[in-house]
Structure formats: structure tokens, C-alpha cells
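The values are calculated or read from the model by the stated rules, or taken from the named source; none is laboratory data. This one's a predicted model, so the numbers in the text were calculated from it and none came from an experiment. Because the Cβ atoms are built from the backbone with ideal geometry, glycine has one as well, and the counts that use them run over all protein chains shown. Protein only, heavy atoms only, side chains kept; ligands, DNA and RNA dropped before computing areas. Shrake-Rupley method; radii C 1.70, N 1.55, O 1.52, S 1.80 Å.
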Amino acid sequence: MSTREDVPEFEQLLAYVKSSRGFDFTGYKRSTLQRRMQKRMAMVGVQSYTDYIDHLEVHPDEFPQLFDTVLINVTSFFRDPEAWDVLAKDVIPRLLAEKAPNGQIRMWSAGCATGEEA
């Protein structure tokens, strides 16, 4: 596994992404980041991290594809519309009807990586 000192060009790419888009990947595992970024670089025909910075500067529409590749958005919190319809039409109205006007309702929500549960 490469350390930060082993690939300064990669660190320059991360710094560029952070400064131009405000997205900080520094907390991510380097080997995973490098593998995913190299996958995106291969898709656009770029060989080096420095060339990919140039590519991002010329093609700002590349950022969403890069983020989708790095973040791997494979799940969708609202992927079961029927379940949400039942909650909206049956469960929540019944809970509200059973509470006093200023009464509290406590709910538990399992976390998900995208934060959509909130």
C-alpha cells in the first residue's frame, strides 16, 4: 500500500479536488481512493494524476462522474415506494391521531452511508 509520501502527484490531485470542489478525501483509505480514481482516469483516457488534474480543469463536468466512481452510490434509501406510502398514509396519521396536541413521538432510524435516513 502506498503512503502519502510515495505518490505526491496523487496528493496534489486530492488537494485540487478539495480546493476546487470543497470535497475532502483525506480521511479515505489511500489504496481504495487510488484504485477508484485510476478507474475513472482510465475511462477518460488519462494516464497520470497530473494529467487528470488538467482534465478536470478543462472538463468540470467530470467531477460528478469522479465522485460517483469514488463514492460508489449503490443504494437508495427510498427504493421501496410502497413501504413509504404505507408509512405516509396509514402509520404516521395513526400515530399523530393517538398523541395529545403537544405530545412527542419518538422514532428510531437506522443509519445509512448517504445520510438520507434523516
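A few remarks follow.
- Partners for residue 99 among lysines (Cα-Cα distance below 18 Å; same-chain residues under 8 apart left out): 89
- Here the accessible area is traced with a 1.4 Å probe on the protein chains. For region 9-57, carbon and sulfur cover 47 percent of it.
- Per-peptide average of other Cβ atoms within 10 Å, ordering 13-19, 29-35 highest first: 13-19, 29-35
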